[in-house]
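Q: Below is a structure I'd like to ask you about.
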Amino acid sequence: MKVAIIGLSNSGKTTVFNALTGQDIETTIYSTTSGEPNIGIVKVPDIRVEKLAEIYKPKKYTHATIEYIDYVGLTKGDLKQNRKVFDLIKDADALVHVVRTFEDDSVIHSGGSIDPLRDIGTIELELIFGDLELIEKRLERMEDGKKRGKKPDESEKKLLLKCKDFLMKEIPLRAVEFNEEEHKAMRSFQFLSTVPEIVLLNINERDLNTNQPKDILSSISANYPSLPVLTLCGKIEMEISQLTDDEKKPFLDELGIDEPASNKLVHTCYAILGLISFLTLGEDEVRAWTIRKNTHALAAAGKVHSDIERGFIRAEVISFEDFMSAGSMHAAREKGILRLEGKTYKLKDGDIINFRFNI
């Protein structure tokens, strides 16, 4: 899964990136319009992997991963500059929109003042304008082709005009209903306003355990009901990410934080993308695999290896909870809770699977 971190300059994007990845990329107090993207790959927290590894003691255990990418901030009204960002993140699975609510006189706000609702609207419009630009160029190419005698694809043109109509009304395409055929046709366009988005409020440290962000959250929910919203203090979360596992818990307890915001963000990404994890285990490796909800066993087998999909016979399936209750696969078989499922079985989150196959 690839997640792009976006936002206005000086919203704390790179601090958030550091908090999520445990890196220590230099942050600045001024806006930048160039530089190299920051990329970090992190493990998806999943206690089930650790528990199974404790039981099986494999040679290795492997978590699912997320790739985070952070680049320069978006600039209001500068489509040429913003296109650099759009081209880099257009294949992202989700967008994390960092919105500044923290106050710091040494860090100039690009909008001149702290106004989260205004800033969310600014970024939403820039994504919409970026998509409109792509549509206009595509329609122009169609018209040029028509003049040269090339017949345009009328179904594509109809879809582009439908998208343009909503975008002109300042409605992001993720808020529009499309049928399955339209969704399939739109994939090649890589419209950014179709990408699922999470708003991440970068708050003051003093607001960690107060009701201060509630007014902001209510206002955002009223104006952007489809956008999930999380809060974090980038500076504190960055400090947490630099600690060892033994050091983290007392630090979190002292701050009254139940778990790092980075974990909550992963859970939210999985939720809005409709993702789940299934598990495979053995003496060589215990591993978590990420798939979409309602994925059939045959397709899940292909996620592990194409040969397993090609020679699929049956899948031995047990939920993580049932396995832990039984204590072992042998005990699960004796209790009759280890099931045999066919190709069309829809996997559930936490399913432990052993694929039977023959090639």
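Where a number appears in this text, it was derived from the coordinates with a stated rule and is not lab data. For clarity, every value in this text was computed on a predicted model and none was experimentally measured. We place every Cβ from the backbone using ideal geometry, glycine too, and count neighbours over all the protein chains shown.
Q: Please compute the length gained on full extension between E321 and R141, using 0.36 nm multiplied by the number of residues separating them and subtracting their Cα-Cα distance.
A: Numbers: separation 180, 0.36 × 180 = 64.80 nm, distance 5.57 nm.
Working it through step by step, the gained length comes to 59.2 nm.
Q: Give, in nm to one decimal, the length gained when the segment between K2 and M168 is fully stretched (0.36 nm per residue of separation minus the Cα-Cα distance). Spell out each step's value before the answer.
A: Working: separation 166, 0.36 × 166 = 59.76 nm, distance 2.84 nm.
Contour length minus the Cα-Cα distance gives 56.9 nm.
Q: Please give the direction-averaged projected area of the C-alpha convex hull for segment 294-357, in square nanometres with one decimal.
A: 4.0 nm²
Q: Here's another thing I want to ask about it. Any chance you could check the Cα centroid distance between segment 340-359 and segment 52-69 for me, in angstrom?
A: Each part reduced to its Cα centre gives a spacing of 20 Å.
Q: Okay, next question. Output the DSSP H helices from the chain with an along-axis C-alpha extent of no less than 27 Å and a mean Kyte-Doolittle hydropathy no less than -1.0.
A: On the way: long enough: 116-147 (47 Å, -0.46).
Counting only whole DSSP H runs, the qualifying helices are 116-147.
Q: While we're looking at this one, here's another question. Ranking request for peptides 300-313, 5-18: highest mean number of other beta-carbon atoms within 10 Å first, then the rest in descending order. Please report the intermediate quantities before stating the final value.
A: Details: 300-313: 16.6, 5-18: 25.4.
Ranked by mean Cβ neighbours within 10 Å, highest first: 5-18, 300-313.
Q: Taking the mean number of other Cβ atoms within 10 Å as a proxy for protection, how do you rank 111-123, 167-179 from highest to lowest?
A: Highest to lowest by the protection proxy: 111-123, 167-179.
Q: Given the DSSP H assignment, sum -39500 (n - 2.57) over each helix run of at least 4 residues in the chain and divide by its residue total; what's the result at 222 nm in deg cm²/dmol, nearest 500? All intermediate terms of the calculation are to be shown ahead of the outcome.
A: On the way: 14 runs with 155 residues, N = 359.
Estimated from H runs of four or more residues: -13000 deg cm²/dmol.
Q: Could you order the peptides 266-277, 194-205, 136-147 from most to least packed, using the average number of other C-beta atoms within 10 Å per residue?
A: On the way: 266-277: 17.4, 194-205: 21.5, 136-147: 12.3.
Top of the packing list down: 194-205, 266-277, 136-147.
Q: Given C-alpha coordinates of the chain, what is the ratio Rg to Rh with the Kirkwood estimate of Rh? Show your work: numbers first, answer last.
A: Values: Rg = 23.4 Å, Rh = 22.9 Å.
Ratio of gyration radius to Kirkwood radius: 1.02.
Q: Would you mind telling me which residue in K43, K158, K249 has the biggest mean-square fluctuation in a Gaussian network model of the chain, where springs connect alpha carbons within a distance under 10 angstrom?
A: So, out of K43, K158, K249, the one fluctuating most is K158.
Q: Please quote Rg/Rh for segment 1-134 to two decimal places, taking the Kirkwood radius as Rh and restricting both calculations to Cα atoms.
A: Numbers: Rg = 17.6 Å, Rh = 16.4 Å.
That ratio is 1.07, to two decimals.
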